[in-house]
Amino acid sequence: MTDEWNWEQIASHKSLTEGPVWDGSGLLYNECAAHTTFRWDPKTGDSTIWRSKTGAANGMTFDRSGGLWACEGDAHRVTKVDVEDPNAEPQVIADAFNGETLNWPNDLAVSSAGRVYFSDPNYSSNANNLPHESVYMAEHSFGGAWSVTRVTFDTTKPNGVLLSRDEKTLYVAESPHADGVKRELRAYPVLDNGTLGPGQQVYSFGESRGIDGMTLTTDGLIVATAGSPDSGPGSMIYVIEPSGLVRSTHRTPAESPTNCTFGGGSLGDLYVTFVTGFVYRVTAAGMTGHLAYPARKY
């Protein structure tokens, strides 16, 4: 384990924060239970409300053209948010599968072809809306409609999802919170039609809390938030090679990190959200983020 990182707390909220994304000059992130998206401005050091009534938005991501996509857990839907007017009614991409309401969409990734992959677990105390917890692909079809296809059949509680640099692999965090069940990082080959082939275990966290959210470096490394004070080695950032080799681990200053992304002008800073409501920045993390948007500034 390495712990040479310099952690700087940039925001604090009353409840869990999630879904950090860098918009080119600031950080957007969600306080899920407050149904609020905040924007942190590095020039002022302040976080201000950017979007309200978010449907308890969790994971967010930008596509290559700067479109913002969100998983709205309590609204049971995946949406595209208007970045120019964030409080306008968003475009609904997916809210059902086979006529049944989705569970609690959690995290998502958008391919260069416009395919939206999203996880749909249930971490609530309520009954499932669907009889399974899966990853789906939403695909734009002729006439403006979106079709939703189930693409995993072996997940029990999928969480973070992440496309590899070449978009030939979808990484999925299989993170059930039940005793005696292993938490895994899995890799699924992306087929020509966008569906997924059989998944392979990349790394097993055993029975400790597994991965929540992930981001990617320009070297193709997976940077993942994982761990909690309840079991295992504790709360950390894992840097994992596609082969499953753990390149390094970094203990976090707050418990139970939820998600992370790169930001800053050269995409060399790492931003991390936490169950405890904190948001931290690691400047000069020694890695560079590979983001669909914005383009890296050299």
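The values are calculated or read from the model by the stated rules, or taken from the named source; none is laboratory data. No experiment lies behind these values; they were computed from the predicted model shown. Methodologically, a virtual Cβ is constructed for each residue, glycine included, from the backbone with ideal geometry; neighbour enumeration extends over all protein chains shown.
Of the residues screened, residue 48 is not one that is in contact with a helix residue (DSSP H, G or I) (Cβ under 9 Å, 6 or more places away or on another chain), of a type outside the set (Asp, Glu), farther than 24 Å from residue 252 by Cα and at pLDDT 95 or above. Pairing residues of region 175-194 that are closer than 30 Å to residue 141 by Cβ and surrounded by 14 or more Cβ atoms within 10 Å (Cβ to Cβ) with residues that are at pLDDT below 90 and hydroxyl-bearing (Ser, Thr, Tyr), at Cβ distances under 9 Å and at least 6 apart in sequence or on separate chains, gives no pairs at all.
When region 43-55 is limited to residues that are free of Cβ contacts under 8 Å to residues at least 40 places away in the same chain and of a type outside the set (Val, Ile, Thr), the one that is nearest to residue 140 (Cα to Cα) turns out to be 55. The strands (runs of 3 or more DSSP E) found entirely in region 1-57 that carry 2 or more residues being of a type in the set (S, T, N, Q) are 7-12, 36-41, 46-52.
For residue 113, the conditions (1) within 23 Å of residue 269 (Cβ to Cβ); (2) among the aliphatic types (A, V, I, L, M); (3) out of contact with any Leu (no Cβ under 8 Å at 6 or more places or on another chain) are fulfilled apart from (1). The C-beta contact set for region 68-94 (first residue at positive phi, second residue part of a loop (DSSP other than H, G, I, E, B), distance under 9 angstrom, 6+ apart or interchain) comprises 76/55; 76/95; 76/102; 76/103; 76/104; 76/105; 76/129.
Only strands (runs of 3 or more DSSP E) whose full extent lies in region 142-236 are considered here, and the ones with at least 1 residues that are closer than 25 Å to residue 77 by Cα and modelled with pLDDT of 95 or more are 146-150, 158-163, 169-174, 183-189, 211-216, 222-228.
Filtering region 265-298 to residues that are farther than 24 Å from residue 111 by Cβ, crowded, with 16+ Cβ neighbours inside 10 Å and modelled with pLDDT under 95 leaves only 285. Once region 68-84 is narrowed to residues that are touching a strand residue (DSSP E or B) at 6+ places or on another chain (Cβ under 6 Å) and of a type outside the set (A, V, I, L, M, F, W, C), the residue that is nearest to residue 149 (Cα to Cα) is 77. When region 1-42 is filtered for residues that are farther than 21 Å from residue 289 by Cβ and free of Cβ contacts under 8 Å to residues at least 40 places away in the same chain, the ones remaining, listed by number, are 33, 34, 35, 36. In region 216-237, the condition of being among the acidic types (Asp, Glu), touching a residue at least 40 places away in the same chain (Cβ under 8 Å) and closer than 21 Å to residue 110 by Cβ is met by no residue.
If you take the residues in region 220-239 that are among the small types (Gly, Ala, Ser) and within 15 Å of the chain's Cα centre (by Cα), which one is nearest to residue 163 (Cα to Cα)? Looking at the filtered set, the residue picked out is 224.
Scanning region 100-126 for residues that are loosely packed, with under 15 Cβ neighbours inside 10 Å and either within 21 Å of the chain's Cα centre (by Cα) or modelled with pLDDT of 95 or more (or both) yields 100, 101, 112, 113, 114, 124.
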